[in-house]
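Student: Mind looking over this structure? Questions follow.
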Amino acid sequence: MSRSPRPYEIAMLKWLKDRRKNQRIRDEFYGRIVALSRHPLPYAEWGVPDTLEGRFEMLTLCMFLVLERLRRAGPQGAQTAQGLTDTFFADMDAAHRQLGVGDLKVPRRMRQLADAFGARLQAYRQALESGGPGEFAAAITRHFSEHAGDTKVQSMQITDCAISLLRELEACPPETLLADAGGILSCNRQ
């Protein structure tokens, strides 16, 4: 004869179901951020190098825009931001392992990426808060030009696009942003 589930069993099943759902939403949201960062325009016309470093810079900038919006979306926004950041670093870890970086070198490389990621988030936030678009463009130039070689990165185009996207994200109510799994992140930008 079967017994009815105990309250803690029901709670555990609900927690597991919610966790899977949240992971799916987070993965979809992160997938849209990655797709946005891989839009061909910055690479083809704005001088962003289509290299690992250039892609890291674009992905970091796109992550910054979304994380900046989520930062102002209350506790659920903070939780989603942390989940996206965790997904980002899990993706970076997996990518490095696929590229053949040895198991002993991956943790050191991840610390370097975490430092670079954090420095860029801080630089972009400070630039926007203190200097506006000009300072933001200077921060973008500084980080993107490190990897561009002789190619001139058109940082004003990148800045204009980034500020436009940030305004779109800011205009989106938090509940819509969080429920739509990044639906506002359109990859059909010009």
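Student: Quick one: is Asp93 in a helix (DSSP H, G or I) and at pLDDT 80 or above?
Tutor: yes
Student: Is it fair to say Leu178 is modelled with pLDDT of 85 or more, under 19 Å from the mean Cα position of the chain (by Cα) and either surrounded by 19 or more Cβ atoms within 10 Å (Cβ to Cβ) or outside any helix (DSSP H, G or I) (or both)?
Tutor: In short, no.
Listed here are the residues, each with its yes/no results for (1) under 19 Å from the mean Cα position of the chain (by Cα); (2) modelled with pLDDT of 85 or more; (3) not in a helix (DSSP H, G or I).
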position	(1), (2), (3)
Arg3	no, no, yes
Glu9	no, no, no
Leu16	no, no, no
Asn22	yes, no, no
Ile25	yes, no, no
Gly31	yes, yes, no
Leu36	yes, yes, no
Tyr43	yes, yes, no
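Student: Moving to a separate point now. From (1) buried (at least 16 other Cβ atoms within 10 Å of the Cβ); (2) assigned to a loop (DSSP other than H, G, I, E, B), pick out the condition that doesn't hold for Ala139.
Tutor: Condition (2) is where Ala139 drops out.
Student: Then there is this: Could you grab me the full set of residues in the range 70-88 that are open to solvent by less than 60 Å² (accessible area, probe 1.4 Å) and assigned to a loop (DSSP other than H, G, I, E, B)?
Tutor: Within the range 70-88, just Ala73 meets the criteria.
Student: Quick one: which of Arg71, Arg142, Arg120, Arg111 is under 18 Å from the mean Cα position of the chain (by Cα) and either polar (S, T, N, Q) or under 21 Å from Asp160 (Cβ atoms) (or both)?
Tutor: Only one candidate passes the filter, namely Arg120.
Student: Another question, if that's okay. Quick one: what pairs do we get from the range 54-73, first residue touching a residue at least 60 places away in the same chain (Cβ under 8 Å), second of a type in the set (Lys, Arg), C-beta under 7 Å, 6+ apart or different chains?
Tutor: These pairs meet every condition: Thr60/Arg120; Phe64/Arg120; Glu68/Arg125.
The values are calculated or read from the model by the stated rules, or taken from the named source; none is laboratory data. These numbers come from a predicted model, not from an experiment. Because the Cβ atoms are built from the backbone with ideal geometry, glycine has one as well, and the counts that use them run over all protein chains shown. Note: accessible area is taken over every heavy atom of the protein model, side chains too, but ligands, DNA and RNA are not part of it. Shrake-Rupley method; radii C 1.70, N 1.55, O 1.52, S 1.80 Å.
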